[in-house]
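Here is the structure we will look at, set down as structure tokens.
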Amino acid sequence: MHMNRTRGLLVGVLLLVAAACAVPFVSEREIEIESEKEFDKMRQSMAISNDVNVRGYIFCVADAIIAELEEPYASMDWEIEVFDEDAINAFAMTGGKIGVFTGILKVAENQDQLGAVIGHEVAHVTQQHAVERVNQAMTTQIGAAAAGAALGGGYAGDAVQVAAQVALTLPYGRKQESEADTVGLVYSANAGFDPRASVQLWKNMAEANEGAPPEFLSTHPSSDTRIEDLIAEFPGALVNYNSAKSSGKVPNCAP
Ligand SMILES: [Zn+2]
């Protein structure tokens, strides 16, 4: 079959347009499906803590925070896993999968500080940061490169699946980190964890960061800015904290 030049050009343009339109828009649900798979993989491939006290402590803090979320997140089927890993890390995935590495307890010294960590991670989920991030990134080279890496890694799936997979690997943006701090502080205060403990937590993180940077910190705002921003939120957060206490929310999670 022969094609004249003009027609060939037209086809080329159409292919380009099609390629541009093919940039997938990924829904929260699609990221949730990939998150579940990833979470299961982690559970199979990483060491799970079997320390009953540590698990109970972390579940207690996480449950107290989950109870303070707005719907539909409060009734979501949250799953929490404690990984016996030295890295200072914690995450929460779309769909309500929370992973806490025991290494985080080196910097989160008490239940209030752990509340700040989990509040922050859960806020990434409720503010739908993964879906925001991936749909911004897929229109840029970052997204294309990440998708290429996912495909190069032998990932088989359609474009939307690949994009959803990419959502799990992209770091959050700085604005999202600040938002997770602010929203997370409200959750932890409402659960009865002292919001002021967040300052010491981020100081500990910064100290632990000297030397090899822990994964958890690599994309987070500089600790000075973060601490200043948190302190600015204290007046409101303390009102929440005090009313949580007076309504009987006094968590006692430490083993
Ligand atoms: Zn974060």
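Details
- For S246, the accessible surface of its heavy atoms amounts to roughly 100 Å² (probe 1.4 Å, protein chains only, rounded to the nearest 10).
- Computed about its Cα centre, the charge dipole of region 28-83 is approximately 380 debye, with only Lys, Arg, Asp and Glu carrying charge at their Cβ.
- Taking the Cα centre of region 37-126 as origin and assigning +1 to Lys and Arg Cβ atoms and -1 to Asp and Glu Cβ atoms, the resulting dipole is close to 240 debye.
- Violating pairs (Cα-Cα greater than 27 angstrom) within the set K97/K175; K41/K245; K175/K249: K41/K245; K175/K249
- Derived scalar couplings ³J(HN,Hα) [region 177-182; Karplus, 6.51 cos²θ - 1.76 cosθ + 1.60; whole Hz; x for Gly, Pro]: 5, 5, 5, 5, 4, 5
- T139 accessible area, assembled protein chains, probe 1.4 Å, Å²: 100 Å²
- Cut-off 11 Å between beta-carbons: net charge of the residues surrounding P195, Lys and Arg +1, Asp and Glu -1: -3
- Fraction of C-alpha pairs exceeding 22 angstrom in region 25-127: 27 percent, rounded to a whole number.
The values are calculated or read from the model by the stated rules, or taken from the named source; none is laboratory data. Because the structure is predicted, anything quoted here is derived from the model rather than measured. Because the Cβ atoms are built from the backbone with ideal geometry, glycine has one as well, and the counts that use them run over all protein chains shown. These accessible areas exclude ligands, DNA and RNA; they are computed on the full protein's heavy atoms, side chains included. Shrake-Rupley method; radii C 1.70, N 1.55, O 1.52, S 1.80 Å.
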